[in-house]
Amino acid sequence: MSRGKTFLVIFLFMLLLMPLVLGAEYGGENEYQAGHKLFAILGVAMIAVGVVYYALTKRKLIITHQTSSKWGFELKMEHPYMTVIGPVSPMTVHHFFTITGTLLVFVHFFSCSNYSGIAGTTGLGMAVVLVLLNIMGFIGRSINRSIISTAEVNDMESAKKYVNRYEKWKKIHIMLAVIFTVLLVIHLNAVL
């Protein structure tokens, strides 16, 4: 394994442990209060950036993505208005931001010791939905890779099956994202 991959594995492992360690260290006076609110805000913002970036590049509404070995961007006056240049796909950018954002949100989630009441129940619901969204994200990426690989070998019958699976997957993934958003709005209304 190369040094870069080793570093990435160690970094991701530390990110996975961070919510448990920081959440356990929070000793708030009120058991109904969760700590590390800044992590929650940053995490939700990262999730939003990942979703918006992927949606805009996929539909080429404002942003297009150009694969290159170097990072950069170009602004232009015609539609689409911006081209982001980089060595990773928009889906990889989406996964990075949403997974990292989820881990940051879990720092806040694990710092709470009582999940009763509207704030606690919606927080617990959001945690479950975030786990499901991330699992569904990996399933979607796998289906997408299967579509590409079967299309490359000209196996159109299998590709059509994977496209049908992808369409069903997409409806579930979007439904979970809507549920998360509704729970977030209720949660914020309860805590603010």
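The values are calculated or read from the model by the stated rules, or taken from the named source; none is laboratory data. Because the structure is predicted, anything quoted here is derived from the model rather than measured. Here Cβ is always computed from backbone atoms with ideal geometry, including for glycine, and neighbour counts include all displayed protein chains.
Checking the range 132-144 against the condition returns no match, with no residue being surrounded by fewer than 16 Cβ atoms within 10 Å (Cβ to Cβ), in contact (Cβ under 8 Å) with a residue 24 or more places away in the chain and either part of a loop (DSSP other than H, G, I, E, B) or outside the structural domain of Leu184 (by TED's automatic domain parsing) (or both).
Taken as a whole, the condition of being in a strand (DSSP E or B), in the same structural domain as Thr102 (by TED's automatic domain parsing) and surrounded by 13 or more Cβ atoms within 10 Å (Cβ to Cβ) applies to Val84.
Within the range 63-97, the set of residues being out of contact with any strand residue (DSSP E or B) (no Cβ under 6 Å at 6 or more places or on another chain) and farther than 25 Å from Ile148 by Cα comprises Lys76, Met77, Glu78, His79, Tyr81. Within the range 87-104, the set of residues being in contact (Cβ under 8 Å) with a residue 40 or more places away in the chain and either among the polar types (S, T, N, Q) or not in a helix (DSSP H, G or I) (or both) comprises Thr98, Thr100, Thr102. Counting only residues that are out of contact with any helix residue (DSSP H, G or I) (no Cβ under 7 Å at 6 or more places or on another chain), within 14 Å of Val129 (Cα to Cα) and not polar (S, T, N, Q), the range 153-184 holds 4 of them.
Scan the range 47-74 for residues that are of a type outside the set (Gly, Ala, Ser) and touching a Ser or Thr at 6+ places or on another chain (Cβ under 8 Å) and the total you get is 10.
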